[in-house]
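**Student:** Here it is: the structure, laid out below.
The values are calculated or read from the model by the stated rules, or taken from the named source; none is laboratory data. All of these numbers come straight from a predicted model, not from anything done at the bench. Using ideal geometry, Cβ is built from the backbone for each residue, glycine included, and neighbour counts are taken over all protein chains shown.
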Amino acid sequence: MEKRVQPSGISFIVFFNVFGKLAIDLVNDLGAAAIFFSKAFRMIFRSKQLPEIVQQVYHIGARSSSIVMLVGLFTGMVLGLQLYYTLAKFGSEGMLGSVISLSLIRELGPVLTAIMITARAGSSMAAEIGILRISEQIDALYTMRIDPVRYLVSPRIAASIISFPLLTAFFDLIGILGGYLTGVVLLSASGGVYFARVLSSVDIVDIRGGFIKSLVFAVIVSTICCFQGYFTHMRSDSSGAKSVSLSTTSAVVVSCVMILIADYVVTSFLM
């Protein structure tokens, strides 16, 4: 007599089939993105790249500076408001400058800056390259013997590597000033003590760690957004204009998730 497979055994096999497929797809995507980045990064140093890199620095960096500084200002103000009352319970209002500056420089500055740039410039990168792909303009570049990766992707990765640390520094500075406005101007803490604590608590190691995070986030965001747009025609769930919208959404969501994952990984190495 033939043995019948129990229902629990069937569900167990189905679970591993689905899990295995997801794991294989993840490994394939990570490998493809790594190859994509390595090829684009090598071509940054080719000739005639500088004008396009400067243009992308303006688009990714300069045009994102206002929103980054605005978010940095209110982040610092909220930190100053919350931390002042928390520290006042323990009689430690004088530590306000140290807590705000270290929180911004070590953690909030790089992460929130990367998320803001992803929302503004990362989505733009994915959508622009995706439209070029579905309109067959990337194929036209091939016919003209122009490498699309060198022409479209490399300048954006280079501009991201330049822009992310600079915008992170702006975020940190404006955030510290925002904490000063709330803690000193509005809540009457000592301004001299505030800045003295900032200068005494912030070390070069903290600043270096924040910049390392911003560089990692720059590589992650630019690679994911360009990768999603470049291969938007290979999506199995849609085609045409809808594929561009889904690729843009995927680029932003995946970039934000990877920023948080990379933040934990980098922090664990830097601690």
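Table: residues versus (1) at pLDDT below 90; (2) buried (at least 16 other Cβ atoms within 10 Å of the Cβ); (3) within 18 Å of residue 159 (Cα to Cα).
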residue	(1), (2), (3)
208	no, no, no
216	no, yes, yes
225	no, yes, yes
236	yes, no, no
239	yes, no, no
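**Student:** While we're here: Would you please name the residue that is surrounded by the fewest Cβ atoms within 10 Å (Cβ to Cβ), looking only at residues in segment 146-170 that are in contact (Cβ under 8 Å) with a residue 60 or more places away in the chain and polar (S, T, N, Q)?
**Tutor:** In this case the residue turns out to be 154.
**Student:** Please work out which one of (1) surrounded by fewer than 16 Cβ atoms within 10 Å (Cβ to Cβ); (2) over 16 Å from residue 30 (Cα atoms) is the condition residue 243 fails and give its number.
**Tutor:** (1)
**Student:** Any chance segment 171-189 includes a residue that's part of a loop (DSSP other than H, G, I, E, B) and either surrounded by 20 or more Cβ atoms within 10 Å (Cβ to Cβ) or in contact with a Gly (Cβ under 8 Å, 6 or more places away or on another chain) (or both)?
**Tutor:** Checked against the condition, which is being part of a loop (DSSP other than H, G, I, E, B) and either surrounded by 20 or more Cβ atoms within 10 Å (Cβ to Cβ) or in contact with a Gly (Cβ under 8 Å, 6 or more places away or on another chain) (or both), segment 171-189 yields at least one hit.
**Student:** On to the next question. Out of the residues in segment 250-271 that are among the hydrophobic types (A, V, I, L, M, F, W, C) and surrounded by fewer than 17 Cβ atoms within 10 Å (Cβ to Cβ), state the one that is nearest to residue 232 (Cα to Cα).
**Tutor:** 253
**Student:** Still on this structure: Provide a single number: the residues in segment 1-40 that are of a type outside the set (A, V, I, L, M) and at pLDDT 85 or above.
**Tutor:** Total satisfying the criteria: 6.
**Student:** Sticking with this one: Consider residue 143 carefully, then state whether it is of a type in the set (S, T, N, Q), at pLDDT 95 or above and either crowded, with 24+ Cβ neighbours inside 10 Å or farther than 26 Å from residue 262 by Cα (or both).
**Tutor:** no
**Student:** Now for a different question. Would you mind finding the one in 194, 230 that is surrounded by 15 or more Cβ atoms within 10 Å (Cβ to Cβ), more than 14 Å from the chain's Cα centre (by Cα), over 22 Å from residue 169 (Cβ atoms) and in contact (Cβ under 8 Å) with a residue 60 or more places away in the chain?
**Tutor:** Checking each option against the conditions leaves just 230.
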